[in-house]
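Trainee: So that we are looking at the same thing, I have put the structure below in structure tokens.
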Amino acid sequence: MAYVFYNPNPKNQRVGDCVIRAIGKAVGQDWTDAYIGLCSEGLVFKDLPSSNYVWGMYLKKYGFEEHMISSVCPNCMTVSEFAKTHPKGRYVLACQNHVVCVDSGNWYDTWDSSDEIVLYYYKKEI
């Protein structure tokens with residue numbers, strides 16, 4: 001279980017698009033298609049594409065299910081701990097100010113977000 005550098009942004013930008021990167025990786029879309037899909041979903045709900053509700057509803061359309069997790073330490077779980085204990089499946093993790101995709105025990109991101117605390121997550125069996 002390891003961090004894997006992942007940046008599908010066509011201009012290699014690394015700030016502000018974590019939702020698009022994570023969702024694209026999770027549902028198998030490139031950056032542009034994920035961006036357009038999330039913007040369309042945001043338009044339906046009259047909210048921003050990075051809104052937790054908007055991207056959550058988008059994932060549900062692709063068969064993901066929402067799950068809660070304890071974010072209160074010492075029972076909290078970091079991204080790396082989550083990945084280690086979830087070696088199978090595809091997940092989108094919501095952290096305090098970040099979103100990351102875990103696929104088959106590896107987390108995909110533009111930076112090593114292994115120490116971020118997971119608040120809740122979406123899961124899809126693969």
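Trainee: If Tyr91 satisfies all but one of (1) among the hydroxyl-bearing types (Ser, Thr, Tyr); (2) under 17 Å from Tyr58 (Cα atoms); (3) without any contact (Cβ under 8 Å) to a residue 60 or more places away in the chain, what's the number of the condition it fails?
Mentor: Against the list (1) among the hydroxyl-bearing types (Ser, Thr, Tyr); (2) under 17 Å from Tyr58 (Cα atoms); (3) without any contact (Cβ under 8 Å) to a residue 60 or more places away in the chain, Tyr91 comes up short only on (3).
Trainee: Return only the number of the condition from (1) under 13 Å from the mean Cα position of the chain (by Cα); (2) farther than 26 Å from Asn106 by Cβ; (3) among the hydroxyl-bearing types (Ser, Thr, Tyr) that Ser40 does not satisfy.
Mentor: (1)
Trainee: Given the conditions (1) more than 12 Å from the chain's Cα centre (by Cα); (2) within 14 Å of Met1 (Cβ to Cβ); (3) of a type in the set (A, V, I, L, M, F, W, C), which single one is not true for Val100?
Mentor: Of everything listed in (1) more than 12 Å from the chain's Cα centre (by Cα); (2) within 14 Å of Met1 (Cβ to Cβ); (3) of a type in the set (A, V, I, L, M, F, W, C), Val100 misses just condition (1).
Trainee: Of the residues Val79, Val54, Val27, which is surrounded by 15 or more Cβ atoms within 10 Å (Cβ to Cβ) and either at pLDDT below 95 or in contact with a helix residue (DSSP H, G or I) (Cβ under 6 Å, 6 or more places away or on another chain) (or both)?
Mentor: Result: Val54 is the single residue among Val79, Val54, Val27 that is surrounded by 15 or more Cβ atoms within 10 Å (Cβ to Cβ) and either at pLDDT below 95 or in contact with a helix residue (DSSP H, G or I) (Cβ under 6 Å, 6 or more places away or on another chain) (or both).
The values are calculated or read from the model by the stated rules, or taken from the named source; none is laboratory data. The structure displayed is predicted, hence computed values, not measured ones. Neighbour counts run over all protein chains shown; Cβ positions are idealised from the backbone, glycine included.
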